[in-house]
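The values are calculated or read from the model by the stated rules, or taken from the named source; none is laboratory data. Just so it is clear, the structure is predicted and the values come from calculations on it, not from any experiment. For neighbour counting, all protein chains shown are included, and Cβ atoms are generated from backbone atoms with ideal geometry for every residue, glycine included. Ligands, DNA and RNA are excluded from the accessible area calculation, which covers all protein heavy atoms including side chains. Shrake-Rupley method; radii C 1.70, N 1.55, O 1.52, S 1.80 Å.
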Amino acid sequence: MNHPTTKNISSSVKRMRIIRHIPNTVLFNTIFVSVNILMASTRFSLSRSVQPILKRPPFSSSPRFAPKALLKSYPCPLWSSSFSFCLQTLHHSTSPYLSSSSSSFSSCSSFSPPSMASSFTVDDSVGSNPLLQDFDFPPFDIVEAKHVRPGIRALLKKESDLDELEKTVEPSWPKLVEPLEKIVDRLTVVWGMVNHLKAVKDSAELRAAIEEVQPEKVKFQLRLGQSKPIYNAFKAIKESPDWQSLSEARKRIVDAQIKEAVLNGVSLEDDKREQFNKIQQELERLSHKFSENVLDATKKFEKLVTDKKEIDGLPATALGLAAQTAVSKGHENATAENGPWMITLDAPIFISVMQHARNRALREEVYRAYITQASSGDLDNTPIINQILKLRLEKAKLLNYNNYAEISMATKMATVDKAEELLEKIRSASWDAAVRDVEALKSYSKSQGASEADSLSHWDISFWSERLRESKYDINEEELRPYFSFSKVMDGLFNLAKILFGIDIEAADGLAPVWNKDVRFYCVKDSSGSPIAYFYFDPYSRPSEKREGAWMDEVVSRSRVLSRNGTTARLPVAHMVCNQTPPVGDKPSLMTFREVETVFHEFGHALQHMLTKQDEGLVAGIRGVEWDAVELPSQFMENWCYHRDTLMSIAKHYQTGESIPEEVYLKLLAARTFRAGSLSLRQIRFASLDLELHTKYIPDGPESVYDVDQRVSRKTQVIPPLPEDRFLCGFNHIFAGGYAAGYYSYKWAEVLSADAFSAFEDAGLEDSKAVKETGHKFRETVLALGGGKAPLEVFVEFRGREPSPEALLRHNGLLPVTA
């Protein structure tokens with residue numbers, strides 16, 4: 001078995017991710033800089049589903065710390081800003097009850113979605129609160145911080161429904177699972193709304209409101225997760241004579257609910273349960289505080305530049321954005337040509353400085369600010385990290401596990417040993433290539449007369465990597481931007497989805513309220529023209545109010561139980577969030593190739609959510625999919641950015657309409673493996689450090705978390721991090737997302753996704769008929785089955801065999817093509 005051996009853990013019904021909020025980490029694939037991870041998602045951060053509460057961050061793709069390869073998108077934890085208040089794999093939903101009734105869905109424009117009145121009766125005293133109104137799609141445009149406290153508290157008063165269920169529960173689907181799903185759905189939708197707004201429209205007032213009601217929400221969550229009547233009813237179903245007659249999806253729901261209840265403390269005695277609950281409350285608080293500190297630290301750094309010589313080398317796009325940022329900060333007359341320019345740690349500007357600024361002192365200043373953010377003063381995350389790790393270990397001991405990683409792996413495909421085995425295999429395959437990468441940079445920079453050539457530091461790597469790439473492949477990413485206008489990229493992406501999966505995607509702006517004027521809304525239709533899903537897309541960076549990174553999350557999931565008409569399932573709704581370069585002046589949003597990859601990545605997550613055919617709400621779409629398998633569809637979609645026909649369909653000059661030159665496409669293809677060894681090791685560093693902190697690290701012991709990072713980096717970084725490197729203080733993925741003891745899942749899922757794409761290579765990428773047939777098979781397995789079937793079984797059903805890492809190593813140029 002030459003695959004990462006998996007555990008058949010059917011109970012791993014997880015969050016959606018998934019990413020990453022999870023979420024916010026490195027946001028520069030091509031940048032060889034230590035920073036923090038953004039999928040989240042994310043990637044979601046999907047959070048974990050504690051019995052009824054599936055707490056997962058959205059799938060976020062641009063973890064501040066997790067750059068992939070130069071031409072790869074940021075890792076995305078499907079980061080979820082919402083409190084996935086769901087059963088088991090129920091991550092958070094955030095929307096209305098949509099049904100697939102053909103009469104309602106004859107067209108997107110005429111669609112009349114079902115209301116939520118059937119599940120929630122509004123009290124007259126709070127009747128004007130938009131969170132409590134009957135709505136078809138969430139009223140994102142009118143929800144304000146003042147609505148959060150009374151709205152959430154009104155919903156929590158519905159605890160009487162849980163009391164009634166516990167009194168009348170029977171070990172049957174209609175008397176247990178269906179009412180339970182209904183109980184949590186409305187709160188899931190509303191809590192998801194407010195947390196989503198916190199991620200995309202942050203304010204001090206909204207933070208304060210969420211922080212105040214959060215303990216009350218967690219209290220209800222724990223009560224639900226530790227309900228012995230519900231737990232015993234699920235056990236009774238498993239022990240009943242009817243167990244073998246249940247569908248595979250229902251068996252996975254039951255197994256997952258039992259396992260999650262145990263992980264949620266249902267079996268603990270009263271005093272230990274009280275201790276467990278205090279830990280959960282505190283971990284929730286610390287996690288929110290951690291992410292807020294990162295956001296505030298990112299916003300805090302501002303450097304106003306008035307002398308253009310200081311930013312020599314920055315491309316026009318970056319100058320325009322820096323001037324636009326300066327205008328937003330009160331410098332009304334700032335222009336791209338004459339300044340002044342505001343340098344921040346926001347991804348588009350930060351990445352541009354690291355890659356293009358000839359001013360080495362500026363690169364050093366910005367780099368040091370980035371790797372030390374949230375590590376001092378009132379925003380210092382160091383004590384929060386220490387307390388989180390201490391509490392996670394205490395939680396593990398209470399549940400009779402040796403460490404927190406064992407809790408994490410209890411609901412994943414992998415085991416700690418198998419995850420470490422895969423990481424070491426990829427590390428050893430990447431090391432020599434990474435050493436050659438550094439030597440190549442030294443040699444090239446020396447040939448260009450660089451005084452730092454013999455002692456390259458971290459703030460030199462991205463700059464000289466970009467110069468070497470330009471020299472070697474004659475590719476300048478900034479010069480390629482005009483070929484990747486936002487509208488053309490989306491048109492090409494939607495056309496690819498039609499070819500592969502037989503769906504049509506149409507603009508439906510105006511059908512649903514949005515939180516910002518730039519947000520787009522789309523309707524997904526099947527081959528018959530019937531709507532099957534909807535999604536929002538918030539594409540542009542807004543550093544003053546929006547968290548960095550990229551992520552996908554669910555608004556509402558497909559569900560038979562929550563059907564509008566009782567016969568057809570409620571339709572899924574998703575949202576995708578990116579932070580790409582916004583339009584500047586009269587120019588449309590012109591994307592870098594990495595930003596294109598990020599959009600494809602997040603869309604892959606959305607496809608798994610939207611194209612599910614699973615009607616059991618708790619395992620539909622991304623719900624119930626083991627965390628380390630959830631990145632399969634997203635990373636799979638990135639491969640199509642290198643497919644000739646696909647790239648030519650999106651790469652059209654925004655002014656002339658000319659396609660990108662053939663020779664440029666061939667150079668992009670050749671450059672795909674540029675510095676693959678170095679960038680692979682970066683991901684190995686983050687994943688290995690994550691596992692080390694959650695297995696062997698002793699809080700308050702002889703080593704600090706930074707000592708552990710330095711030790712791990714000696715085996716995973718050719719150029720060790722600076723002694724003052726504090727990237728952990730911005731590592732949202734593992735301290736504020738769903739990736740604790742789970743960051744390895746990026747590489748785990750990369751094995752699955754690369755092998756899945758190799759099925760198309762085997763069939764023949766130039767054979768349109770074979771591509772369509774293979775795409776249909778991918779849709780009917782990976783995208784359709786959701787969490788209703790174990791991911792290894794789903795993969796085997798699609799691929800015909802178990803996964804192998806060979807395709808991943810080959811795609812990264814770390815294995816001979818003939819291997």
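Taken over segment 309-318, the criterion of being at pLDDT 95 or above and touching a strand residue (DSSP E or B) at 6+ places or on another chain (Cβ under 9 Å) is satisfied by GLU310, ILE311, LEU314. Within segment 756-778, the presence of a residue that is at pLDDT below 95 and buried (at least 21 other Cβ atoms within 10 Å of the Cβ) is excluded. Within segment 427-448, the presence of at least one residue that is within 24 Å of the chain's Cα centre (by Cα), of a type in the set (D, E, K, R), under 30 Å from GLU724 (Cα atoms) and part of a helix (DSSP H, G or I) is confirmed. The set of residues in segment 216-246 being at pLDDT below 95, in a helix (DSSP H, G or I) and open to solvent by less than 60 Å² (accessible area, probe 1.4 Å) consists of LYS217, VAL218, PHE220, GLN221, LEU222, LEU224, GLY225.
I need the full set of residues from segment 290-311 which are of a type in the set (Ser, Thr, Tyr) and buried (at least 17 other Cβ atoms within 10 Å of the Cβ), in order please.
Matches in segment 290-311: SER291, THR298.
Residues that are within 30 Å of VAL712 (Cβ to Cβ) and not in a helix (DSSP H, G or I): does segment 750-757 have at least one? Among the residues of segment 750-757, not one is within 30 Å of VAL712 (Cβ to Cβ) and not in a helix (DSSP H, G or I), which makes the answer no. If the condition is being open to solvent by 40 Å² or more (accessible area, probe 1.4 Å) and under 23 Å from the mean Cα position of the chain (by Cα), then segment 518-543 contributes ASP518, ARG520, PRO543. Of all the listed residues (GLU282, GLU260), the sole one being in a helix (DSSP H, G or I), at pLDDT 95 or above and acidic (Asp, Glu) is GLU282. Scanning segment 454-464 for residues that are within 37 Å of the chain's Cα centre (by Cα) and modelled with pLDDT under 95 returns a single hit, SER455. Here ASP700 clears all of (1) assigned by the TED database to the domain that holds SER408; (2) surrounded by fewer than 16 Cβ atoms within 10 Å (Cβ to Cβ); (3) not in a loop (DSSP other than H, G, I, E, B) except the condition numbered (3).
The residues of segment 263-274 that are assigned to a helix (DSSP H, G or I) and surrounded by fewer than 16 Cβ atoms within 10 Å (Cβ to Cβ), listed by number, are ASP270, ASP271, LYS272, GLU274.
Going by the conditions given, is ALA249 surrounded by fewer than 16 Cβ atoms within 10 Å (Cβ to Cβ) and under 27 Å from the mean Cα position of the chain (by Cα)? So ALA249 fails the test. The test for being part of a helix (DSSP H, G or I) and either outside the structural domain of MET413 (by the TED database) or not aromatic (Phe, Trp, Tyr) (or both) does not hold for LEU722.
Cβ-Cβ below 7 Å, separation at least six or inter-chain, first residue in segment 796-817 and closer than 17 Å to ASN639 by Cα, second among the hydrophobic types (A, V, I, L, M, F, W, C) and open to solvent by 60 Å² or more (accessible area, probe 1.4 Å): which pairs? Pairs that qualify, where the first residue is closer than 17 Å to ASN639 by Cα and the partner is among the hydrophobic types (A, V, I, L, M, F, W, C) and open to solvent by 60 Å² or more (accessible area, probe 1.4 Å), are GLU806/ALA819; ARG810/VAL817; ARG810/ALA819. Taking segment 446-475 as the range and being among the hydroxyl-bearing types (Ser, Thr, Tyr) and more than 20 Å from LEU362 (Cβ to Cβ) as the test, the residues that pass are SER447, SER471, TYR473.
Please report, ordered by residue number, the helices (runs of 4 or more DSSP H) entirely within segment 605-689 with at least 2 residues that are open to solvent by 20 Å² or more (accessible area, probe 1.4 Å) and at pLDDT below 95. Reasoning before the result, please.
Values: elements: 632-638, 644-650, 662-670.
Once the helices (runs of 4 or more DSSP H) in segment 605-689 are filtered for at least 2 residues that are open to solvent by 20 Å² or more (accessible area, probe 1.4 Å) and at pLDDT below 95, what remains is 644-650, 662-670.
Can LYS546 be described as in contact with a Lys or Arg (Cβ under 8 Å, 6 or more places away or on another chain), in a helix (DSSP H, G or I) and crowded, with 19+ Cβ neighbours inside 10 Å? No; evaluated as a whole, the condition is false for this residue.
Of all the criteria given as (1) charged (D, E, K, R); (2) open to solvent by 60 Å² or more (accessible area, probe 1.4 Å); (3) modelled with pLDDT of 95 or more, the one not satisfied by ARG427 is (2).
Residues being part of a helix (DSSP H, G or I) and either open to solvent by 10 Å² or more (accessible area, probe 1.4 Å) or among the basic types (Lys, Arg) (or both): count how many of those fall in segment 727-749.
Qualifying residue count for the region: 1.
Within segment 400-426, residues that are under 25 Å from LYS789 (Cα atoms) have Cβ atoms under 6 Å from residues that are open to solvent by less than 10 Å² (accessible area, probe 1.4 Å) and among the polar types (S, T, N, Q) in these pairs: THR411/SER12; LYS412/SER12, counting only partners at least 6 apart in sequence or on another chain. If the condition is being open to solvent by 60 Å² or more (accessible area, probe 1.4 Å) and of a type in the set (Lys, Arg), then segment 391-417 contributes only LYS397.
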